[in-house]
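K.L.:
Structure in structure tokens, see below.
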Amino acid sequence: MIKPYIIIDNTKIKINNSTCIINNKSTKVNNISVNISVYLDSLCNAKCKFCCATKDYIADFNFNKFENILREIKNNSYTINRIIFTGGEPLLNKNLFNAMYIAKQYTNELVLNTNGFIYPNNKCIDLVDVINMSIHHYDNNINNDIFGLNKDINIFNKWLDYKNKIIPTCVLMKSYINKEDDIINYLDYIDSKGFKKAAFYGLMRINDYTKDEYIDINNIKFNNKYIINNKRICYPIKNICQCNNYCYTSKINNIIPFYIRQVINHNYDKGNFILFKNNQIISKFK
Ligand code: SF4
């Protein structure tokens with residue numbers, strides 16, 4: 001019998017013992033696995049109007065505490081499904097490589113969230129398994145406007161050496177990518193660059209801009225015969241988070257899997273999730 005929570009570093013972490021619902025079925029799991037998000041700091045070179053990175057900068061990353069927590073999780077026979085490094089822009093953080101090096105010993109999936117505007121440090125990138133790279137539009141000028149930055153094409157080309165690890169991620173917004181045709185153009189664009197899959201996210205309604213630009217993912221209707229929907233409900237209670245999986249057959253006949261996700265209630269503790277932020281464990285994203 002799996003306990004409804006585990007205690008790590010004196011913090012209660014809620015545990016779900018069933019998978020997401022896919023095609024009306026959810027499966028019970030026998031082992032506990034957790035995901036860890038490591039919030040390094042809020043430093044960023046971009047100025048996205050929808051940014052939710054809180055502005056509490058951490059001066060020093062506590063490596064000992066971080067490793068002790070990872071060790072405690074492993075010693076209790078829990079699996080660390082993935083460890084995600086996020087920010088801000090993690091590539092600006094001087095502690096990134098050392099923190100990743102430690103994390104790599106405790107998980108099979110090391111993930112980096114980045115906006116892709118910084119020249120990648122090969123040492124770091126070689127360690128990671130998945131790179132979630134924010135690309136919010138297939139038109140480069142519009143994408144630059146969203147970030148408030150100019151893309152250096154040499155830097156972007158350098159990233160293409162890692163295209164098998166990169167998942168382009170796009171925030172859905174009323175003024176930008178917001179309907180089936182835009183999504184198809186986006187998928188054909190990332191296919192032309194050699195990326196293999198994509199992710200789309202609904203906005204978090206955290207300020208006036210995001211409230212104005214918000215679109216409900218349920219209002220995006222897919223009629224194109226080259227898109228197949230694989231019905232998935234991310235959590236049994238639909239007003240907490242929703243997530244649909246799809247496959248698209250591109251114009252050049254590649255199959256591009258993609259998902260669209262939106263979190264409805266950001267304060268709800270969905271479980272199996274640990275945030276390491278300000279050298280503390282927090283049991284839900286906030
Ligand atoms: S790139 Fe990410 S962290 Fe940086 S401003 Fe944009 S949303 Fe915020």
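The values are calculated or read from the model by the stated rules, or taken from the named source; none is laboratory data. Just so it is clear, the structure is predicted and the values come from calculations on it, not from any experiment. Using ideal geometry, Cβ is built from the backbone for each residue, glycine included, and neighbour counts are taken over all protein chains shown.
K.L.:
For residues in the range 1-10 being in a loop (DSSP other than H, G, I, E, B) and surrounded by 14 or more Cβ atoms within 10 Å (Cβ to Cβ), which is farthest from the ligand (Cβ to nearest atom)?
P.N.:
At the first step, the residues of the range 1-10 found to be in a loop (DSSP other than H, G, I, E, B) are 1-4, 9-10.
Now narrow it down to the ones that are surrounded by 14 or more Cβ atoms within 10 Å (Cβ to Cβ): 2, 9.
On the way: 2: 35, 9: 26 Å.
In this case the residue turns out to be 2.
K.L.:
Which residue out of 184, 190, 166 is over 15 Å from residue 134 (Cα atoms) and in contact with a strand residue (DSSP E or B) (Cβ under 8 Å, 6 or more places away or on another chain)?
P.N.:
Result of the check over 184, 190, 166: 184.
K.L.:
So if I check each of 143, 98, 64, which one is without any contact (Cβ under 8 Å) to a residue 24 or more places away in the chain, exposed (fewer than 15 other Cβ atoms within 10 Å of the Cβ) and assigned to a helix (DSSP H, G or I)?
P.N.:
It is 64.
K.L.:
Mind checking whether some residue in the range 144-164 is among the small types (Gly, Ala, Ser), out of contact with any Gly (no Cβ under 8 Å at 6 or more places or on another chain) and closer than 22 Å to residue 248 by Cβ?
P.N.:
Checking the range 144-164: not a single residue is among the small types (Gly, Ala, Ser), out of contact with any Gly (no Cβ under 8 Å at 6 or more places or on another chain) and closer than 22 Å to residue 248 by Cβ.
K.L.:
Continuing with this model, one more query. Could you list, in sequence order, all residues of the range 109-135 that are near the ligand (Cβ under 10 Å from one of its atoms), in a loop (DSSP other than H, G, I, E, B) and without any contact (Cβ under 8 Å) to a residue 60 or more places away in the chain?
P.N.:
116
K.L.:
Out of (1) more than 16 Å from the ligand (Cβ to nearest atom); (2) in contact with a Phe, Trp or Tyr (Cβ under 6 Å, 6 or more places away or on another chain); (3) modelled with pLDDT of 85 or more; (4) not acidic (Asp, Glu), what's the single condition that is false for residue 46?
P.N.:
All conditions pass for residue 46, except number (1).
K.L.:
Just to be sure I understand, how many residues within the range 203-238 are closer than 17 Å to residue 24 by Cβ, of a type in the set (Lys, Arg) and either at pLDDT 90 or above or not in a strand (DSSP E or B) (or both)?
P.N.:
2
K.L.:
Taking the condition assigned to a helix (DSSP H, G or I), crowded, with 16+ Cβ neighbours inside 10 Å and within 16 Å of the chain's Cα centre (by Cα), does residue 91 pass?
P.N.:
Here the answer is yes, as residue 91 does meet what is asked.
Table: residues versus (1) closer than 22 Å to residue 84 by Cα; (2) in contact (Cβ under 8 Å) with a residue 40 or more places away in the chain; (3) surrounded by fewer than 16 Cβ atoms within 10 Å (Cβ to Cβ).
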site	(1), (2), (3)
12	yes, yes, yes
19	yes, no, yes
32	yes, yes, no
37	yes, yes, no
40	yes, yes, no
44	yes, yes, no
50	yes, yes, no
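K.L.:
So, of the residues in the range 146-170 that are in a strand (DSSP E or B) and away from the ligand (no atom under 14 Å from the Cβ), which turns out to be nearest to residue 118 (Cα to Cα)?
P.N.:
166
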